[in-house]
Amino acid sequence: MTELDVLLLESFAGAGRAEASRLAASGHRVHRCHDAGAPAFPCNGLTEAGCPLDDGVDVVVLARGRLEPQPTENEHGANCAIRAGVPLVEAHRGVASPFEPWAVARVDGTLIDAVEQAAAHSLDDLVEDLLAVARPPVLEAGGDPSRLSCRIDRQRDGARVVFHGPEVSDAVRGRIGVRALDAVRRSDRDLDVRGVSYVC
């Protein structure tokens, strides 16, 4: 698995210490809504540090160490992550959580596997939408649309959509690019796509 950018949220200061260590030991970059020991408000998004979600986050890990029926002030970043469409993984230690309807996984002890699986599948729906808009131009050009594949590469300066498929003209590639960008705009994903490429 490639190195991931993970936003770590804690229900209270220090609740995610073990999760931070596990993520770092597995080679993933850990980001936070506010610096360790700093108050929950203002978050980094309101300071010069900037919001990690704006720079690109693959997965959010929410470490909940106490029985809290409502979100704590330290967990407000989860709202932003859910709205941005970033997958949320809860490290719950058996406690109740108001975020359960939005979490893609609730884990205790298998955090790294859950984080990497969430990142790998977080854009599956969008990839299917991209393939759906790319197949008709390929078919009209005489190509076999079943040979078409797509992936989304998240990078620090934005995402790239990469298609692999049969040989088509530059004009068809251009049509696919326009359709792909339109599909991303129509989706509910807060994804900054900087380019679309088609590889034969």
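Read through the labelled values (1) 16.8, 54; (2) 16.3, 51; (3) 19.2, 61 and report the label of the one computed as Rg and Dmax of the Cα atoms in Å from the structure. Here the calculated entry is (3). Put simply, the Cα atoms of the range 124-199 extend 35, 20, 17 Å along their principal axes, the longest span coming first.
Of all the options A171, A180, A81, the one that moves most in a Gaussian network model of the chain with Cα springs shorter than 10 angstrom is A171.
The calculated FRET efficiency for E3 paired with A120, based on their beta-carbon distance and R0 = 22 Å, is about 0.95.
Comparing P101, P71, P87 in a Gaussian network model of the chain where C-alpha atoms under 10 Å apart are linked, the largest mean-square fluctuation is found at P101.
As a length-normalised measure over Cα pairs under 8 Å and 6 or more apart, the relative contact order of the chain settles at 17 percent. Distance from the C-alpha centroid of the range 41-67 to that of the range 136-169: 33 Å, rounded to the whole angstrom. By the helix-only formula, in which each DSSP H run with n ≥ 4 contributes -39500 (n - 2.57) and the sum is divided by residues, the chain has a 222 nm mean residue ellipticity of -10000 deg cm²/dmol. Each of E48, E140, E90, E116 has some number of other Cβ atoms within 10 Å of its Cβ, and from fewest to most they run E48, E140, E116, E90. Here the extension length gained between T72 and A24 equals 14.8 nm, from 0.36 nm per residue of separation less the Cα-Cα distance. Per residue, the Cα convex hull of the range 14-88 amounts to 102 Å³.
All of the numbers you see were taken from the coordinates with simple rules; none came from a lab. This structure is a prediction, so every number in the text was calculated from the model and none was measured. FYI the Cβ positions are ideal-geometry reconstructions off the backbone, even for glycines, and counts take in every protein chain you see.
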